[in-house]
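The values are calculated or read from the model by the stated rules, or taken from the named source; none is laboratory data. Values in this document were obtained by computation on a predicted structure and should not be read as measured data. Reconstructed Cβ throughout: ideal geometry from the backbone, glycine too, with neighbour counts over all protein chains shown. Only protein heavy atoms, including side chains, enter the accessible area calculation; ligands, DNA and RNA are left aside. Shrake-Rupley method; radii C 1.70, N 1.55, O 1.52, S 1.80 Å.
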Amino acid sequence: MISFDLRCKNDHVFETWFANSDAYDSQMASGEVTCPVCGDHHLSKALMAPNVSAGKGRATEPQNNLPVAAANSAGERAAEIMRLARALRSEVEKNFDYVGSAFAEEAKKIHYGEVERRDIYGEMTGDEAEALNEEGVEFGVLPWPTKEDA
């Protein structure tokens with residue numbers, strides 16, 4: 001089993017368990033996972049404190065009781081991950097066409113050759129994600145952090 005803290009567009013954070021990483025990827029791509037507070041399907045991984053082994057199979061106390069070096073290292077890794085996620089968002093925004101809530105419709109048109117192929121990004125519902133999967137339309141779900149200046 002693997003646990004992730006997930007965040008919706010409305011900044012609700014909740015913990016979710018998956019059988020493994022593949023199950024997480026599959027359920028997220030198909031829109032099966034929703035925010036328990038508002039029902040939002042647009043989720044990303046939230047930053048989590050690591051579960052550091054203290055030997056003999058026991059975990060340490062929460063991060064505020066970790067040795068200083070471990071806490072700093074975890075914070076530095078989290079900051080680097082957020083920097084990379086923001087860089088990814090920036091690259092997508094610069095190089096892809098934003099189609100908003102028409103993402104599923106545009107993705108189908110591209111898939112079936114009705115419009116010229118181009119890179120797009122936007123939003124879709126869980127039902128739309130499921131329909132795209134069933135039709136064999138390739139798409140990906142990316143972590144979408146808030147902008148640093150937001």
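Listed values, structure above:
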quantity	calculated
Restricting segment 11-41 to residues that are part of a loop (DSSP other than H, G, I, E, B) and of a type in the set (D, E, K, R), the residue that is most open to solvent (accessible area, probe 1.4 Å)	E32
Residue among H12, H42 that is modelled with pLDDT of 85 or more, within 14 Å of the chain's Cα centre (by Cα) and not aromatic (F, W, Y)	H42
Residue match in segment 49-64 (condition: modelled with pLDDT under 85, open to solvent by 50 Å² or more (accessible area, probe 1.4 Å), assigned to a helix (DSSP H, G or I) and within 25 Å of F14 (Cα to Cα))	yes
Breaking point among (1) modelled with pLDDT of 85 or more; (2) touching a Cys at 6+ places or on another chain (Cβ under 9 Å), for C35	(1)
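Results for (1) in contact (Cβ under 8 Å) with a residue 60 or more places away in the chain; (2) farther than 25 Å from C38 by Cα; (3) outside any loop (DSSP other than H, G, I, E, B); (4) within 18 Å of the chain's Cα centre (by Cα), shown as yes or no for each residue.
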position	(1), (2), (3), (4)
E93	no, yes, yes, yes
E106	no, yes, yes, no
I110	no, yes, yes, no
E114	no, yes, no, no
D127	yes, no, yes, yes
A131	no, no, yes, no
